[in-house]
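Below is one structure; the comments refer to it alone.
The values are calculated or read from the model by the stated rules, or taken from the named source; none is laboratory data. Everything numeric in this text was worked out from a predicted model, so none of it was measured. When we count neighbours, we look across all protein chains shown, and the Cβ atoms used for this are built from the backbone with ideal geometry, even at glycine. Keep in mind that these areas ignore ligands, DNA and RNA; they rest on the heavy atoms of the full protein, side chains included. Shrake-Rupley method; radii C 1.70, N 1.55, O 1.52, S 1.80 Å.
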Amino acid sequence: MSWNTFGRVLRFTTWGESHGPAIGAVLDGCPPGIELSEADIQPFLDARKPGQNKFTTQRKEPDEVRILSGVFEGKTTGTPISLLIENTDQRSKDYSEIANTYRPGHADYAYDAKYGFRDYRGGGRSSARETAMRVAAAGVARKVIGEVEILAYVAEIGGDRIDPANFDSGEIGRNPFWCPDAEAAKRWEKLVDDARKAGSSLGAVVECVATGVPAGWGAPVYAKLDSDLAAGMMTINAVKGVEIGDGFDAARLTGEQNADAMSPGEDGVEFAANHAGGIAGGISTGQPVVCRVAFKPTSSILTPVASVDREGKATEVRTKGRHDPCVGIRGTPVVEAMMALVLADHKLLHRAQCG
């Protein structure tokens with residue numbers, strides 16, 4: 001069976017393919033009475049849409065969202081919210097040469113092995129085009145968690161990391177890489193452009209921080225906040241790893257180094273550090289919720305790679321078309337979206353049990 005729905009109380013289902021007439025999402029479980037219009041969602045889609053600069057795919061999609069249901073007189077009604085985006089710039093002919101050939105790193109072979117059929121036009125359902133609907137659905141989720149601020153940025157491309165000493169949140173919107181380090185952004189221009197010109201690609205690490213999350217969200221033991229965050233991030237195309245807080249670095253610390261020391265403060269408990277990423281025992285602590293997401297290099301490259309065709313014969317694949325030289329760049333708004341969707345779901349889940 002397939003599974004195209006995510007969430008427990010706030011649930012969203014996406015549908016559509018990369019080269020179909022449209023893509024869409026249905027968001028169910030949203031509380032009634034929340035002010036909502038297309039204008040609340042569109043800015044996040046504009047941040048993700050393709051063709052904005054030479055460092056991303058040149059496919060041109062306006063990604064204009066339409067709300068088809070669940071909103072009346074400018075407010076949510078409590079019924080399913082249906083969202084639609086039309087595809088306008090498909091070039092299916094770009095993929096005709098790989099109709100009977102599997103692209104290494106893509107889901108071609110895996111889909112064919114499962115279904116005995118695959119949509120080779122841009123990857124069909126496995127295309128990152130689907131993530132536009134997550135961003136749209138998250139535009140609604142952000143209205144549910146108005147007390148939370150979410151910020152994602154690229155912390156590393158091709159093994160070149162930002163310098164924390166140069167961190168400037170204002171810089172994130174001033175360069176095409178969602179980079180908070182102006183010096184790193186300059187280096188990445190050449191790094192990504194060289195990969196693009198060589199017909200290759202690069203991986204990236206995106207960090208996401210949610211501030212304003214109150215203590216208490218999360219439902220142990222099988223709906224922990226961090227486990228749902230990890231699951232949500234891993235559903236994003238090209239993501240191969242997720243860390244919460246210090247993540248794997250925590251394994252290199254001693255117990256006293258890793259402990260987030262606590263002390264009484266004027267407004268409650270104060271923490272001396274946040275190695276846990278704002279989550280303990282699967283429940284938010286009131287500190288910023290922090291996760292890092294690793295994106296593999298884009299699998300669609302012009303460099304020939306050994307593969308096989310549907311008959312099992314050896315061949316080489318050179319993927320033509322319009323592709324991101326570093327998919328993690330446009331993955332940044334998608335990481336924010338999944339953070340918003342998970343947090344909104346857990347806010348409602350907490351309210352359902354604890355009032």
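For residues that are closer than 14 Å to residue 333 by Cα and of a type in the set (A, V, I, L, M), scanning just the range 142-153, find the one that is least open to solvent (accessible area, probe 1.4 Å).
At the first step, the residues of the range 142-153 found to be closer than 14 Å to residue 333 by Cα are 142, 149-153.
From what's left, of a type in the set (A, V, I, L, M): 150-152.
Working: 150: 21, 151: 58, 152: 1 Å².
This residue is 152.
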Quiz item: Of these, 223, 272, which one is more than 21 Å from the chain's Cα centre (by Cα), surrounded by fewer than 20 Cβ atoms within 10 Å (Cβ to Cβ) and either among the acidic types (Asp, Glu) or more than 24 Å from residue 158 (Cα to Cα) (or both)?
Solution: 272
Exercise. Pairs only if they're at least six apart or on different chains, beta carbon under 8 angstrom, first in the range 253-281 and closer than 20 Å to residue 216 by Cβ, second open to solvent by 60 Å² or more (accessible area, probe 1.4 Å) and basic (Lys, Arg); list them, first residue then second.
Key: 279/224; 281/224
Exercise. Could you pull out the residue among 156, 189 that is assigned to a strand (DSSP E or B) and either touching a residue at least 24 places away in the same chain (Cβ under 8 Å) or open to solvent by 50 Å² or more (accessible area, probe 1.4 Å) (or both)?
Key: 156
Quiz prompt | Residue in the range 196-203 that is modelled with pLDDT under 95, under 27 Å from residue 304 (Cβ atoms), open to solvent by 30 Å² or more (accessible area, probe 1.4 Å) and of a type outside the set (D, E, K, R) present | solution = yes
Quiz item: Which of the residues that make up the range 278-308 are surrounded by 14 or more Cβ atoms within 10 Å (Cβ to Cβ), under 30 Å from residue 192 (Cα atoms) and not hydrophobic (A, V, I, L, M, F, W, C)?
Solution: 292, 296, 297, 298, 299, 300, 307
Quiz item: Does the range 131-148 hold any residues that are more than 13 Å from residue 339 (Cβ to Cβ) and outside any helix (DSSP H, G or I), and which are they?
Solution: 146, 147
Quiz item: What residue, among those in the range 17-58 that are in a strand (DSSP E or B) and either open to solvent by 10 Å² or more (accessible area, probe 1.4 Å) or in contact with a Ser or Thr (Cβ under 6 Å, 6 or more places away or on another chain) (or both), is modelled with the lowest pLDDT?
Solution: 22
Quiz item: Of the conditions (1) buried (at least 22 other Cβ atoms within 10 Å of the Cβ); (2) part of a strand (DSSP E or B), residue 213 fails just one. Which one is it?
Solution: (2)
Practice problem: Return the only residue of 219, 195 being out of contact with any Asp or Glu (no Cβ under 9 Å at 6 or more places or on another chain) and farther than 30 Å from residue 64 by Cα. | Solution: 195
Practice problem: Using the structure shown, decide if residue 76 is polar (S, T, N, Q), modelled with pLDDT of 95 or more and over 24 Å from the mean Cα position of the chain (by Cα). | Solution: yes
Self-check item: Among residues of the range 290-310, those that are touching a residue at least 24 places away in the same chain (Cβ under 8 Å), in a loop (DSSP other than H, G, I, E, B) and out of contact with any Leu (no Cβ under 7 Å at 6 or more places or on another chain), counted
Solution: 8
